1. Counting only heavy atoms of protein chains, what accessible area per residue, in Å², does the protein assembly as shown have with a probe of 1.4 Å?
2. Compute the Cα gyration tensor for the stretch A:3-87, then decide on rounded, prolate or oblate, letting a ≥ b ≥ c be the square roots of its eigenvalues: rounded whenever a/c is under 1.5, prolate when a/b is larger than b/c in the other cases, and oblate in all that remain.
3. Could you give me the ³J(HN,Hα) list for the stretch B:445-457, computed from phi with Karplus coefficients 6.51, -1.76, 1.60 and θ = phi - 60°, whole Hz, x at Gly and Pro?
4. Using 0.36 nm per residue, how much length does the chain from B:Q529 to B:E21 gain when fully extended, once their Cα-Cα distance is taken away?
5. Report in % the part of the accessible area of the stretch A:3-87 that belongs to carbon and sulfur, leaving out ligands and nucleic acids; probe 1.4 Å.
6. Which whole-Hz couplings ³J(HN,Hα) result when phi for each residue of the stretch B:758-767 is put into the Karplus expression 6.51 cos²θ - 1.76 cosθ + 1.60, θ = phi - 60°, listed in order with x for Gly and Pro?
7. List the residues whose amide H sits under 5 Å from the amide H of B:Y345, counting only those 5 or more places along or on another chain, with H placed 1.01 Å from N in the peptide plane.
8. Summing +1 for each Lys or Arg and -1 for each Asp or Glu, what net charge is found among the other residues whose Cβ lies under 10 Å from the Cβ of B:R725?
Amino acid sequence: MPESELGARGPLPIRLEVNGEERGGDVEARTTLADFLRDQLGLTGTHLGCEHGVCGACTVLLDSLPTRSCLVLAASADGCRVETVEGLARDGQLSRLQRAMWDSHSFQCGFCTPGFLIQATALLAENPTPTEAEVRHALSGNLCRCTGYESIVRGVLAACAGPERSGAESK
Amino acid sequence: MRPRVPAERYTGASVRRVEDERLLTGRGTFVADAHLPGMLHAAFHRSPLPHARIVAVNTEAARRAPGVVAVFDGAEMTQMASPVAALGAAPGSGGPVSFGILAMDKVRLVGDPVALVVAESRALAEDACELIVVEYEELAPVVTVEQALDPSLPAIFEELGGNRLFGPEVKVFGDVDGAFARADRVVRASIHQHRHQNVPMEGRAILASFDASSGQLLVRASTQGVNTTRQMLAQQLRMPLDRVRVVAEDVGGSFGLKFGASREEAACCAASRALGQPVRWVEDRWENLTVSGQAREESFEVEAAVTASGLILGLRVQMVIDSGAYPGFAPLVVDIVREMIPGPYRLGALSFSSSGVVTNKASYVAYRGPWAAETFVRERIVDLVAQELGISALEVRLRNLATRDEPPLRMVTGPSLAGITARESLLRAAEIVDLARFQERQLRLRDEGRYLGVGFATYIEPAPGPRQEGGEGNTEQVRVELDRDGLLLVHTAQMPHGQSHRTTLAQVAADEFGARLEQVRVMVGDSQQTPEGFGTGGSRFAAMAGGAALHGARRLRGKVLEAAAQILDLAPTDLDIWRGELVGPGVPGGGLPLAELISRIDLAARSGQLPPGVDVDLTATEDFDGGESGWSGGTHCCVVEVDPDTGLVRILRYLVVEDCGDLINPAVVDGQIRGGVAQGVGAVLLERSAYDPEGQYLSATLMDYLLPTALDVPHIEIEHLSPVRLDPDVNFRGVGEGGMIAAPPTICNAIADALSPFGAKVLEQHLPPARILELIGATSA
């Protein structure tokens, strides 16, 4: 189909669950999930660092899988369950991972932070006691230009250290 | 007064960052997160050619495209904003060079902005950009320094009469000819530092909002300093300074890129003023990598006059810097490189020649430790001298490093070396890495076909550097005030973009004033409130802003105690402020909260109960130049293994022994060091801003411009040396740049050591696997 005809198609209505709430909107066919979350739902915690799927800043959980929201069309997320960085804290309480990263001085400028938090949340859901090598591997698709990663890796490991581990933030 | 034991102080403790709760919950506010009613979106039509004359720009179709509000080409923009005047044109040339905010007569690099489209959405603005048709007359591209010096190629700026921007300018320090006459040997090398770049995770961005009724331009910027951005925008828009207000909230990294205002940012402000509506531009990664700016790319011809025992008597250096298309920062860099190249060494003589050229590549910008080439060249030459003389590199360093107890106590170029601990850092690094044992292992493994290497680099970093004798006051200003709620407001021109200033400045002020940390608010990023100062850069924060905050808090504390003593009829010496309360024998209830104290001072002042002369203006402004201690520095040490079959380099150990004075927040300091080293790892093993011979940019995505990941950056061991405290009060020093200054030569020296059995000579900084294989193959074939 020629581009002009694609563009001429009207807005597409979508409905999805975002951070536990039913949300909806009308999107253009070309609107990415990231732009929909940021521009239409006002969830600006999901950041766009490259818009070609490399930096990982825009990572969200799409039906529990960490996903680059800059590479997913909003229309294709219709009916899906999305979790963003805004959904990690519950009832005003930071998740265990968020607290551990705060304690560990994990971040500096904070731009890459949402993607790392989501990626690490997904890792801990799948593997609650990763080794350092496993953490580094799991986070190797997320770019941070400030920290040299060591503080981030330490933060993730701190989140799964100690006896009081609860599954509260990993689902 | 209560004893202030370290355990009771915030300074020196890794207190959690006040920045983090927002950033960890997705509530940071970067420019792309800001919205204003009626906000329009900008996109730029950019040149696909590196060098061409513009014959015609046709924007008709773009103007008629859906959602488009306005299109501005270079000629129209010239009516709306002044051209940019560049620094550093050669004396005697037709310069100085100036250029439009949008390209007009010609384009000078791939990505040069030719037209600005303003539309109702970013997508519509980008759609319309594709409808703009530009007719070009192509010119031969000038891509390399050699091409820039070739008079048969066209001048990028006709008024320069060629592509030499400045130089050669030669400066001589000490008896250079004498040094070379006395030398047993002259070691020669051509050393090159390749082009790489900042790549902050948030690129450049601006939201400009002109209010026609007040005539005021409000700008939300991603900047390292609101004052500098305001000055540049006001100048380019020909507006009085007081009509421009620049605010900044969260800034997603910069590393030197975001000073002042870029051409694109000025264009968006001009568009907002013309349209009377807010205009936002957020650059995409292609724009960031292609045109925001690139750094380094400097080449050096070096001759070292050395004795048989490894003393370096003198250096002759010729430096050429490639400033890219639009000159700006490069001429400033060569002056610092020249001054800093002796580093912490007792070098007795230096001849330094510097030249700059323009090429059809992205403009040269500051990048973390912009003058770092001096450390790279010096530390590489030291190793080459060691290699030629057959002495260990450690020994050559030790023979040449300055010591604190014997002259000369200054660099041959002038600056005092008082308080440096370079020699101590080197000895300690060699001890920790257990050099003798490593070298045994290295030899043993070579027999098994494994190639390990160790490298050192020793450096000093002006942070902010020694006090300039008789120099103009180069200071940082901080204003400390108590507000009615008992909060201690600390206003600074520093603009944190990852450095945690909101936490660390609060630690210093809280301790000095006697406040609780949560009572302190560090106020940044609003030109209406921000004191004097150009912003965050040059490792000025810790010593200069930290010192100004300390002195400001001290003076304000004195004022509060004096007023309190009057009200309570007690001696000021019996009073103290501690954890946010006035305390001391005789204070009602044993402690008076600050908010209550302030309202009592206010009431007493207004009802005339205070004697004249008691200062009840609860504000203190202090300027501070960094004090007596000016140098940070240290030694980095790296152990690598090079795989001779694949060319892959694995970092087995990375160690930093450093001295940045007293630590305000050790976790913040370590984060700055590790982040800098990571950029050095990238610079050597991965990152290169690559152009093809036609001047097309080859590294325009993050799949081509490779940043280090969590798998590339090793664990970085850090040891802090105990500093020499020369100042009575302020012995904090900056630490932002050292990691990136020292890591590239350290890693290159380690790789060179690993490759020594192959007879390979490492004369460049970028050593990806393909280059390693070339270095091995070129000599063993």
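1. Accessible surface, normalised per residue, equals 37 Å².
2. Working: a/c = 1.93, a/b = 1.27, b/c = 1.51.
Oblate.
3. Computed from phi, the couplings for the stretch B:445-457 are 5, 4, 5, 8, x, 10, 10, 9, x, 10, x, 10, 8 Hz.
4. On the way: separation 508, 0.36 × 508 = 182.88 nm, distance 2.46 nm.
Result for the pair: 180.4 nm of gain on full extension.
5. Numbers: 1820 of 3800 Å².
Roughly 48 percent of what the probe reaches on the stretch A:3-87 is carbon or sulfur.
6. 8, x, 6, 10, 8, 10, 10, 9, 8, 10
7. B:A402
8. Around B:R725, the charge tally is -4.
The values are calculated or read from the model by the stated rules, or taken from the named source; none is laboratory data. Here the structure is a predicted model, which is why all the values come from computation and not from measurement. Positions of Cβ are generated from backbone atoms using ideal geometry, with glycine treated the same way; all protein chains shown enter the neighbour counts. All accessible areas refer to the heavy atoms of the entire protein, side chains included, with ligands and DNA or RNA removed. Shrake-Rupley method; radii C 1.70, N 1.55, O 1.52, S 1.80 Å.
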